[in-house]
Amino acid sequence: MLILAAEHQEITNVYEILNSKYMLPHISETFHGRDVFAPVAAYLEKGVKPEKFGSIIDDPVKPDFIQIKHEKNNIHCSVLHIDPFGNIITNLEKNHVPTGTLNITLQDICFELELKKTYGETKPKDPIAIIGSHGFLEIAVNQGNAADIYHIKIGNKITIKT
């Protein structure tokens, strides 16, 4: 998931953290945020160049579940996250979302949604397609839980006809 965040922030270089000089002396098996990433972030803030931590990664791996596939008249994307309100957050960024009415297939459920700017543009309990605060297409139900209603889980596939 960090590669998606890096791309979203227009980060162009990724480094493998290998130099133990910039890590805590004991690295746990489960808490790399504290033992590796926090110290490296502090050193970056102090002005240490990223090259000091390790070698550049020329071919970062993107997990399949974050890759978008364009096929003829379809965009295949995935559910990245379900927020506490049950909004379905996809990996489809704003600049790849078709304009107008979206023909969406979630699991085996097909429906049309017009892309809206705010939840107030639809009635309570109606489904809505919206670009969320992080710039990704979200499928939601106004004052409802879309993930529960449509039985959606993280990693499920979504198809949008273009």
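The values are calculated or read from the model by the stated rules, or taken from the named source; none is laboratory data. Nothing here was measured: the structure is a model prediction, and the numbers come from that model. Virtual Cβ from ideal backbone geometry, glycine too; neighbours counted across all protein chains shown. The protein model used for the area step is the full one, side chains on, heavy atoms only, and it has no ligands, DNA or RNA in it. Shrake-Rupley method; radii C 1.70, N 1.55, O 1.52, S 1.80 Å.
Dividing the radius of gyration of the alpha carbons in the stretch 96-146 by their Kirkwood radius gives 0.93 for Rg/Rh. Computed from the C-alpha gyration tensor, the three semi-axes of the ellipsoid equivalent to the chain are 38, 17, 14 Å, from longest to shortest.
Taking one quarter of the surface of the C-alpha convex hull of the stretch 75-126 gives a mean projected area of 4.2 nm².
Estimated from the Cβ-Cβ distance and a Förster radius of 45 angstrom, the FRET efficiency linking T99 and N19 is about 0.40. Computed over the chain, relative contact order equals 21 percent, with contacts defined as Cα pairs under 8 Å that lie 6+ residues apart. Semi-axes of the equivalent ellipsoid for the stretch 1-73, computed as √(5λ) from the eigenvalues of its C-alpha gyration tensor and ordered from largest down, come to 29, 15, 11 Å. Among the protein heavy atoms of the chain, carbon and sulfur supply 54% of the accessible surface, probe 1.4 Å, non-protein parts ignored.
Probing with 1.4 Å while keeping every protein chain in the model, the per residue accessible area of the chain equals 65 Å².
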